[in-house]
Amino acid sequence: MQIRLAVISNAGGSGKTTLSVHLAYELGQRGFNVALMDLDPQGSLTLFCGLNPPEPEETLAAVLTDKFDGNWPLTPCWSEYTSQVVICQGGMVLTQTADELVLHKRGAYLLGDCLTDYPLEHDLIIFDCPATLGPLPLMALAACTHLVVPVQLEPKSIQGSAHLLEWYYYHCRHLRLKPSPEVLGFVPSQYDSRKAAHRQIKESLPAQLEQMNIRVFPAIRNSAEFVNASGQGLPLHLYRKSHPALSDFKEIASHLANLIGKPNQKKAKKAS
């Protein structure tokens, strides 16, 4: 089963790209083929993957046009260490794309249309979304099978996530998504156990979401090593192989692996 996972948050600095990168590498290490899709005009995934900024025709913007012919611009990630992960890069060109989506007759469905007409064979496709609830995350919502919400353990971020859920329920109805993508869960990020507010929110969050049948995955701890690793264009797995924060991703990675089942026996299309 192919999982299309949208990593969505309407707050900057919530750890979307960190989560996307580490889930991609973790699932790749488990034998799954993973495609990252960078829907963020900031292009953070390019930095995290140690790649150079692409030309516009080598980005997701080239896919989201009526001229797309199925030639997905995929680039290998960390090719010295793995052959399981590729990326369709983003960049500032997506700012123009977002404006054009508003006027396109099938703007919200465009990415899903491309994946239907020109399917990828990857077991897991991860959409790393910008920190808005605009046209690009809306397009990811319409294309995904599941979404996950990284959230900082701060009152403002929690309030913002409540607004995100309202946005999710409204647009699932408005876009008539059948079936609606499943909320895989919330992932607390940048958790600092020394802060009383973090501990309090972390303890109370599961009960708040239980009534909506939304799970809370283990918190991703706050560590400067994530920043150091991204500066080197590497996941923490490669930058600090024994770092304790790596265990924070295990439960959600295992949950995704169980949803996918066995890796696709048909080899996913590899980037050149």
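Where a number appears in this text, it was derived from the coordinates with a stated rule and is not lab data. Small disclaimer: the values here were computed from a predicted structure and weren't measured. Every residue, glycine among them, receives a Cβ derived from its backbone with ideal geometry; neighbour counts consider all protein chains shown.
With the contact rule set at Cα under 8 Å and sequence spacing of 6 or more, what percent relative contact order holds for the stretch 1-104? RCO, the stretch 1-104: 31 percent. Histogrammed with a bin width of 10 Å, the alpha carbon distances of the stretch 84-242 distribute as 9, 32, 35, 22, 3, 0 percent, first bin at zero. If R0 equals 35 Å, the separation of the Cβ atoms of residue 29 and residue 99 corresponds to a calculated FRET efficiency of about 0.35.
Could you list 168, 239, 118 in order of exposure, starting from the residue whose Cβ has the fewest other Cβ atoms within 10 Å?
Ranked by crowding around the Cβ, least crowded first: 118, 239, 168.
A straight chain from residue 254 to residue 47 at 0.36 nm per residue would run longer than the Cα-Cα distance by 71.9 nm.
Karplus-derived 3J(HN,Hα) values for the stretch 54-65, using 6.51 cos²θ - 1.76 cosθ + 1.60 with θ = phi - 60°, are x, 6, x, 6, 9, 10, 4, 4, 5, 6, 8, 9 Hz; glycine and proline are entered as x. Considering only alpha-carbon pairs that sit under 8 angstrom and 6 or more positions apart, the relative contact order computed for the chain is 28 percent.
Could you work out the relative contact order of the stretch 134-244? I mean the mean sequence separation of Cα pairs under 8 Å and 6+ apart, divided by the number of residues, in percent. Once divided by the residue count of the stretch 134-244, the mean separation gives 25 percent. Using the empirical formula 2.2 N^0.38 Å as the baseline, the Cα radius of gyration of the chain reaches a ratio of 0.95. In a fully extended conformation the segment linking residue 193 and residue 232 would gain 11.4 nm over its present Cα-Cα distance, using 0.36 nm per residue. Summing charges over all other residues whose Cβ lies under 10 Å from the Cβ of residue 68, with Lys and Arg as +1 and Asp and Glu as -1, gives -3.
Amide H contacts of residue 36 (H built 1.01 Å from N, in plane; Pro and chain starts excluded): 86, 87, 88, 126 sit under 5 Å, all sequence-distant by 5 or more or on other chains. A Förster radius of 45 Å, combined with the Cβ-Cβ distance separating residue 207 from residue 58, puts the computed FRET efficiency at roughly 0.45. Using the Karplus relation 6.51 cos²θ - 1.76 cosθ + 1.60 with θ = phi - 60°, the per-residue 3J(HN,Hα) values for the stretch 126-143 come to 10, 9, 8, 9, x, 7, 9, 10, x, x, 6, x, 4, 5, 5, 4, 6, 9 Hz, with x marking Gly and Pro. With Cα atoms defining each centre, the stretch 165-203 and the stretch 1-49 are spaced 16 Å apart in the structure.
Calculate the FRET efficiency for residue 117 and residue 172 from the Cβ-Cβ distance with a Förster distance of 22 Å, rounded to the nearest 0.05.
0.45
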